[in-house]
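A short write-up of the structure that comes next.
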Amino acid sequence: MLRATKVFTIENPEIFKQKLLIWGNLFREIVFLDTNNYHQKYANYDAVLAVDAFTSVKTDYFNAFEDLHQYQTHTKDWLFGYLSYDLKNDTEVLKSKNFDGLEFPDLFFFQPKKLFFLKDNQVELQYLNLCDDEMDDDFSAIITTNSICDFATLREIKIQQRISKDAYIQKVSKMLEKIHHGDIYEANFCMEFFAKDATINPIEIYQKLNAISQPPFAVYFKNNHQFLLSASPERYLKKEETKIISQPIKGTARRVFDIELDEQSKAELAVNPKERAENIMIVDLVRNDLSRTATKGSVEVEELCQIYTFKQVHQMISTVVSQVENTTSPVEIIKTTFPMGSMTGAPKISAMKIIEELEETKRGLYSGAIGYFSPEGDFDFNVVIRSILYNSKNQYLSFSVGSAITSEATPEGEYEECLLKAKAMFEVLN
């Protein structure tokens, strides 16, 4: 599908991003990706906006990866969308029977009519030829758009906790029993916070959440009445020609206002044996996953247990890379690594079975991935964490948090880590 391209120079990229998002929200489908200018080795753009579906695919988990493969192969264009956690049921003999208040499709991708790529003080527009005569008018409309939300969330949101603290401690204790029996080494256990009859302005909530965290993989997603407001710090998987990059996060420490104490918190995380063990276990899992499509001997650990600092937390991140043949299907690379190791555990299938047994909410898009495919078959996807999900049709709002349970974990300590990760979501909703 041919696209027309035009480049404009902008004076204030931060203000322009806000205007771009508010203008883009007028469309039925929108994906807005923002790096928040966070320095990362593999960033291509500062921000990307995709709006207005020309074609799309949405499906439940059955044959989902084959449907996506066919769509991506035949379209050969930019595709934006998401993979929900429950696509695990397409790759393994697994089920998802837990409660689902959000009712999102398991997979959704669309081919946007209009694309914006922001880098420094330039924005590149790529429009399908059927609407390329709208470029100049659209750019003028964006420039004159108000950069501030036109209404605020006024109605009180009553957030409830799906699993009580006592129940959480009991469930993590059961997971520790599984670990001590040798069924698994590690598993990511999550719990949901939710609100019924919730009325919000999604853009306002997203902007507040993003301002608190300013992460490198922030996303505003809308598909009609379904919204994802994500402040994710984590990349799931990226393909650059024949290079594959995975950057799992395992290990979290809170930021402290005092500079010396903050540096101490960071230094303690770097040598914490429990956090390092969690991270290294997932690195081994990712290495194994990448090896399924990698050329022989090409899987490498570029970074092991490096500490990255964000506005609210320090995180331990590793970078694992591989090479693939240029004939390897992009969707096959994703299928053989999904769901990501940082949100499952080791061994992966056993961990996912135990997760399903102990959790009480269908994860859906939470701990899935959202991102894009390029026309050349490259891709980049985040991990959907630190995120609020919202269905405006049934007024159901949800956010989940989790932590990695290993043999050294204490249920009380893991519960506190979950509350730390939930802090930003509570702040913006209250």
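Per-structure values
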| quantity | calculated |
| --- | --- |
| Principal axis dimensions, the range 257-300 - Cα atoms, whole angstrom, descending | 47, 17, 14 |
| The range 3-135: radius of gyration over Cα atoms, expressed as a fraction of 2.2 N^0.38 Å | 1.21 |
| Charged-residue dipole, Cβ positions (Lys, Arg, Asp, Glu), the chain about Cα centre, Debye nearest 20 | 560 debye |
| Carbon + sulfur, % of accessible area of the chain - ligands and nucleic acids excluded, 1.4 Å | 48 percent |
| Sequence-distant residues sharing a close amide H with Gln122 (under 5 Å, placed H) | Ile10 |
| Cα-based shape type of the range 365-430, given that a ≥ b ≥ c are square roots of the gyration tensor eigenvalues and the cut on a/c is 1.5 | oblate |
| Accessible-area value, Tyr206, 1.4 Å probe, nucleic acids and ligands omitted, Å² | 10 Å² |
| Between helix 348-358 and the chain: long-axis angle, C-alpha atoms, 0 to 90°, nearest 10 | 80 degrees |
| Dmax and Rg, reported as Rg then Dmax, of the range 79-231 (C-alpha, Å) | 21.0, 65 |
| Dipole of the chain, positive end: most advanced residue of Met340, Tyr168, Gln126 [Cβ charges, Cα centre] | Tyr168 |
| The range 9-55 - convex hull of the alpha-carbon atoms, volume per residue in Å³ | 97 Å³ |
| Straight-distance crosslink candidates among lysines, where the alpha carbon sits under 18 Å from Lys266 and sequence neighbours closer than 8 are dropped | Lys250, Lys274, Lys311, Lys421 |
| Nearest 10 degrees, 0 to 90: helix 273-291 Cα axis against the chain principal axis | 60 degrees |
| Area accessible to solvent at Asp258, 1.4 Å probe radius, in Å² | 70 Å² |
| Rg(Cα) / (2.2 N^0.38 Å) computed for the range 311-395, rounded to two decimals | 1.32 |
| Residue-level accessible surface for Tyr415, protein heavy atoms, 1.4 Å, Å² | 20 Å² |
| Protection proxy ranking, peptides 420-430, 358-368, average beta carbon neighbours within 10 Å, highest first | 358-368, 420-430 |
| Extended-chain gain in nm, criterion 0.36 nm per residue less alpha-carbon gap, Thr9 and Ala167 | 51.4 nm |
| Solvent-accessible surface ranking, highest first, for Lys41, Lys196 at 1.4 angstrom | Lys41, Lys196 |
| Sequence-separation-based contact order of the chain, relative, with Cα cut under 8 Å and 6+ spacing, percent | 23 percent |
| Reciprocal mean inverse distance between Cα atoms of the range 116-160 - Kirkwood radius, Å | 13.9 Å |
| The range 1-48 and the range 129-182: distance between their alpha carbon centers, rounded to Å | 19 Å |
| Compactness of the range 252-369 - radius of gyration and Dmax, Cα, Å | 16.8, 52 |
| Assigned charges on the beta-carbon of Lys, Arg, Asp, Glu; the range 126-251 dipole about Cα centre (debye) | 1040 debye |
| Ranked order, His69, His180 - accessible area, probe 1.4 Å, largest first | His180, His69 |
| Principal-axis tilt of helix 13-24 within the chain, Cα atoms, nearest 10 degrees | 80 degrees |
| Pairs beyond 30 Å (Cα-Cα), from Lys19/Lys393; Lys76/Lys97; Lys208/Lys335; Lys239/Lys348 | Lys76/Lys97; Lys208/Lys335 |
| Correct option for mean projected area of the Cα convex hull in nm² [calculated from the coordinates] among [x] 33.3; [y] 19.9; [z] 21.3 | [y] |
| Residues of the chain: accessible area per residue with a 1.4 Å probe, Å² | 42 Å² |
| Surrounding net charge for Tyr42, when Lys and Arg each add one and Asp and Glu each subtract one, Cβ distance under 15 Å | -3 |
| Hz values of 3J(HN,Hα) by residue in the range 301-313 - Karplus curve (6.51, -1.76, 1.60), Gly and Pro given as x | 9, 6, 9, 10, 6, 7, 9, 10, 10, 10, 4, 10, 9 |
| MRE, 222 nm, helices only [DSSP H, n ≥ 4, -39500 (n - 2.57), over the chain, to nearest 500] | -9500 deg cm²/dmol |
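The values are calculated or read from the model by the stated rules, or taken from the named source; none is laboratory data. For clarity, every value in this text was computed on a predicted model and none was experimentally measured. Counting neighbours? That spans all protein chains shown, and the Cβs are built from the backbone with ideal geometry, glycine included. Remember, those area values only see protein heavy atoms, side chains included, never the ligands or the DNA or RNA. Shrake-Rupley method; radii C 1.70, N 1.55, O 1.52, S 1.80 Å.
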